[in-house]
Every structure is written in structure tokens, then in C-alpha cells.
């Protein structure tokens, strides 16, 4: 069932099947936190729903601790694409 993209927790939860996408490795914990790949403080591009992934509280906190360096942003963007392909949701990439 295709859904209209938006930045709500309900849509993001549906998009990632309620699973945390992790950071370096697969986490598989239940995802509860919408996590912005590019921090919201960096402006309008960060507000797009395509910039949001699902994290568990531990991975979300660790991402903030590591910081949103260019390397970390690229890693999470790649993980987002990998998971959407894996879940059969490539039309949302």
C-alpha cells in the first residue's frame, strides 16, 4: 500500500517498517525516533522527509554524539537507500 510522503512519525515508521536503520551495522531494534540525517539547524534542505530516518533511542543519541560530519551524513544517506531498497520501497528514495 503506497502512502503519501510526509515527515510524520507515522509515515517514517511505516517507511522503515518500524526498524532502526542503525549507524555502522544493522541494529534491528524497534525504531521510535525520527532522526534527521542533515541536522535541522542547517536549513530548509534538512526539513525534507527524505532527510529523515528511523532510529532507536540509542542509535539516535550516538549519531548526535558523533556529529553530522560529511562522512557520517553520507553513511546514513547510503543506509537509508539500502533499507528502502531492502524493504521494497525504492520509489521513496
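Coordinate-derived values only; no laboratory data. Just so you know, these numbers come straight off a predicted model, no measurement behind them.
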ask   = Using helices alone, what [θ] at 222 nm do you get for the chain, with -39,500 (n - 2.57) per DSSP H run of 4 or more residues, divided over all residues and rounded to the nearest 500?
value = -11000 deg cm²/dmol
query = In a GNM of the chain with a 10 Å cut-off on Cα contacts, which of 79, 42, 34 has the highest mean-square fluctuation?
reply = 42
inquiry  = Tell me the relative contact order for the stretch 9-92 as a rounded percent, counting alpha carbon contacts under 8 Å between residues six or more apart.
reply    = 32 percent
task = Would you calculate the volume per residue, in Å³, of the smallest convex hull containing every Cα atom of the chain?
result = 89 Å³
